[in-house]
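Colleague: One structure, as structure tokens, below. Some questions next.
The values are calculated or read from the model by the stated rules, or taken from the named source; none is laboratory data. Since this is a predicted model, take the numbers as computed values, not measurements. Reconstructed Cβ throughout: ideal geometry from the backbone, glycine too, with neighbour counts over all protein chains shown. Protein only, heavy atoms only, side chains kept; ligands, DNA and RNA dropped before computing areas. Shrake-Rupley method; radii C 1.70, N 1.55, O 1.52, S 1.80 Å.
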Amino acid sequence: MAAALLLDELVEEILLRIPPSDPARLLDAALVCKRWCCIVAAAGFRRRFRERHRMPPLLGFLGSIPVADHSCVSRFVPTSSFRTPGADHSGWYALYSGHGRVLFFKVPWGHDHRKNRLLVWDPITDERRELPPLSWRPYPSTSSWNAVVLCAATAGGGCNHLDCHRGPFLVVFVGTAGNRILACVYSSEAAAWSEPTFMLEPDRIHTLIYKTQALAGNALYLQYYVANKVLKFDLMTREISVIRLPPEGSKRHIMLMGTEDGRLGFATLYESRLHLWSREVGPNGDARWAQSRVIELATMLPDCAFSSSPITSPHLTGCVDSAGLIFMRTLAGNFTLDLTSGQIKKDGDHGFVKDVVPFMSFCTPELRAAHTGGYGADDSSA
């Protein structure tokens, strides 16, 4: 018996070293024999596997893909051996992914708030929850709002986000209504929206909120059409405030990002260079913007990726700030830049992909997967 336990411990130590970006290898291990299956399916193994690797892997991304009838479908494009049972979402547009979930909105999004819907999807379990409509209607433009889905323990830092996709979640919605910017929060535990928080915006014409956002510390940041401003929504106090961008970031397409130490940053493309900025605390305690890095893309991308036209020149489509990944669309295809390694790679031949929504999560096979041949879902007891 002692020898068998020792052997199990050795097997577990080996299996813990399987790359989390290749969940199919864990399934293969579970199929070796009943003892290995029990090791992989155990809640303790799942916990140690996540704690060892810490950073959830990029399993794939969602993008708006043109289809034959000239409409679009939100499609899950795998970048790993993970496969989800619900890859395509017709009639829904992928908006944001956070803490193991993806947030969609119903297309088209119109003036009748009773028909405007949001959907939260777990690609690991294929569980879907359609949220109740908002009780108020944002100001008419379809681009005058944004929303994100988060683990309910995000505010206050009460979760390490290694295995929280089965727990309660929040959806934060920020929109415009006349000369007001307002925000409200949906709680999965209460199954209801909160009362909105308001902030007056005197420049009524330019309050269109872009689909770019970032989490940093206990706050959600969103860019809006007053080109030199970023909205800050405090997840603890639920107050809305404004931060100004530096001149180099205004009047350009930017991608908001969170830094490793919990500060706000952004990326922007200018000609063939990627400029990275972060918000730092000055010697007098005042916050200011500083350029942290410039990356020359001309030596990394094919010559055909660049164009003199702003419409067809390289365009930032998404990012995973926690993993240091930036996605971009070019005439030569879709590429992912790893800011840590400085490496860039082409994301397959998926055609035109708009507004990439990356999906990161741990995926370990459930016990019954060893009998059915699937490997997409976590054990519900984990």
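Colleague: Can you name the number of the only condition in (1) under 16 Å from Phe104 (Cβ atoms); (2) at pLDDT 85 or above that Phe198 fails?
Modeller: (1)
Colleague: Still on this structure, please answer the following. Among the residues of the stretch 118-133, is there at least one that is at pLDDT below 80, open to solvent by 10 Å² or more (accessible area, probe 1.4 Å) and out of contact with any Leu (no Cβ under 9 Å at 6 or more places or on another chain)? Give the steps one after another, and end with the answer.
Modeller: Keep residues of the stretch 118-133 that are at pLDDT below 80, which gives none.
Looking through the stretch 118-133, none of the residues is at pLDDT below 80, open to solvent by 10 Å² or more (accessible area, probe 1.4 Å) and out of contact with any Leu (no Cβ under 9 Å at 6 or more places or on another chain).
Colleague: Test Leu162 against the criterion of being closer than 26 Å to Phe359 by Cβ, crowded, with 17+ Cβ neighbours inside 10 Å and modelled with pLDDT of 85 or more, and give yes or no.
Modeller: On the way: closer than 26 Å to Phe359 by Cβ: yes; crowded, with 17+ Cβ neighbours inside 10 Å: yes; modelled with pLDDT of 85 or more: no.
When the stated conditions are applied, Leu162 does not pass them.
Colleague: Does any residue in the stretch 78-98 that is farther than 21 Å from Thr336 by Cβ come within less than 7 Å, Cβ to Cβ, of a residue that is open to solvent by 20 Å² or more (accessible area, probe 1.4 Å) and in a loop (DSSP other than H, G, I, E, B) six or more places away or on a different chain, and which pairs are these?
Modeller: Final answer for the pair search is Pro85/Asp126; Gly86/Asp126; Gly91/Val107; Trp92/Val107; Tyr93/Val107.
Colleague: Only residues that are small (Gly, Ala, Ser) and either modelled with pLDDT of 80 or more or closer than 22 Å to Val320 by Cβ (or both): list them for the stretch 201-256, please. Please lay out each step first, then the result.
Modeller: Filtering the stretch 201-256 down to residues small (Gly, Ala, Ser) leaves 214, 216-217, 219, 227, 241, 249-250.
Answer for the stretch 201-256, where residues must be small (Gly, Ala, Ser) and either modelled with pLDDT of 80 or more or closer than 22 Å to Val320 by Cβ (or both): Ala214, Ala216, Gly217, Ala219, Ser241, Gly249.
Colleague: I'd like to check which strands (runs of 3 or more DSSP E) are fully inside the stretch 266-372 and have at least 1 residues that are at pLDDT below 85 and either touching a Leu at 6+ places or on another chain (Cβ under 8 Å) or open to solvent by less than 30 Å² (accessible area, probe 1.4 Å) (or both). Outline the logic, then answer.
Modeller: On the way: elements: 273-281, 287-296, 315-320, 325-330, 333-338, 344-346, 354-360.
In the stretch 266-372, the matching strands (runs of 3 or more DSSP E) lie at 315-320, 325-330, 333-338, 354-360.
Colleague: Another question, if that's okay. With a cut-off of at least 1 residues that are modelled with pLDDT of 85 or more and under 29 Å from Gly324 (Cβ atoms), name the strands (runs of 3 or more DSSP E) lying wholly within the stretch 21-103. First the steps, then the outcome.
Modeller: On the way: elements: 58-66, 72-78, 88-90, 92-98.
Qualifying strands (runs of 3 or more DSSP E): 58-66, 72-78, 92-98.
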